[in-house]
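The values are calculated or read from the model by the stated rules, or taken from the named source; none is laboratory data. In this text, all values refer to a predicted model and were calculated from it rather than measured experimentally. Note that we place each Cβ from the backbone using ideal geometry, even for glycine, and neighbour counts take in every protein chain shown. Surface accessibility is based on the protein's heavy atoms, side chains included, excluding ligands, DNA and RNA. Shrake-Rupley method; radii C 1.70, N 1.55, O 1.52, S 1.80 Å.
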Amino acid sequence: MALKIFISYRRDDSAPWAGRLYERLARTFKKSQLFMDVDHIAPGQDFVRVLEDQVGRCDVLLAIIGRAWLESRNERGERRLDDANDFVRLEIETALRRGITVIPLLVDGAPMPRAAELPESLHGLVRKQARPLSHAGFGLETQALLQALGQPSAGTSGDGASRAQSVSRAVLWSAAAVAAIAGWGTLWMGLGGEPVMTT
């Protein structure tokens, strides 16, 4: 069965990151496998049930946590996480309660919240292994995330991997041969089958 992923985030904290991550995931997964922005709830619907239904359809919830995630406040100055009807709180609560895999994604060095800073219903979040998400490392970090989600990363499986390894070895051999000709050392094969220079 196709993996389904729910992206949980706060707009005032990490909306650009959520969009960027969604676009990256959409290159690997079908858009029908990705859930985000469950805020178009029809009048008269029970939004708690709608959120629980949407999250409950997923196998993994990615909780994007930025520097303002913990202390985000509403128009009355109250911390959003302290509101039992807060969408983000409901999303993560539902995932934790139903045993859905939750992966915290810490944006640009944002710290992992401590249990004492969270409502009791979210204490399980702090026991989840988090992953970083940064501007400089976005490519490698999302590749690692895809591997964690059971998806092969580019150049690591099948014929693609063999071709990548062949090209890599050809480059190493060429560089080592040039060095040997230049009198830098003697070329020999290491245990891993890679060219090694001795001096």
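Tell me whether the stretch 71-78 contains one or more residues that are surrounded by 19 or more Cβ atoms within 10 Å (Cβ to Cβ), touching a residue at least 40 places away in the same chain (Cβ under 8 Å) and not aromatic (F, W, Y).
Looking for residues that are surrounded by 19 or more Cβ atoms within 10 Å (Cβ to Cβ), touching a residue at least 40 places away in the same chain (Cβ under 8 Å) and not aromatic (F, W, Y), one finds none in the stretch 71-78, hence no.
If you filter the stretch 23-43 down to residues that are open to solvent by less than 40 Å² (accessible area, probe 1.4 Å) and modelled with pLDDT of 90 or more, you find that the one that is nearest to the chain's Cα centre (by Cα) is L25. For the stretch 106-133, give me each residue that is small (G, A, S) and surrounded by fewer than 14 Cβ atoms within 10 Å (Cβ to Cβ). Within the stretch 106-133, G109, A115, A116 meet the criteria.
This table checks each residue for (1) open to solvent by less than 50 Å² (accessible area, probe 1.4 Å); (2) among the hydroxyl-bearing types (S, T, Y); (3) in contact (Cβ under 8 Å) with a residue 60 or more places away in the chain; (4) out of contact with any Cys (no Cβ under 6 Å at 6 or more places or on another chain).
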residue: L21; (1), (2), (3), (4): yes, no, yes, yes
residue: Q45; (1), (2), (3), (4): no, no, no, yes
residue: A84; (1), (2), (3), (4): no, no, no, yes
residue: R89; (1), (2), (3), (4): yes, no, no, yes
residue: I103; (1), (2), (3), (4): yes, no, no, yes
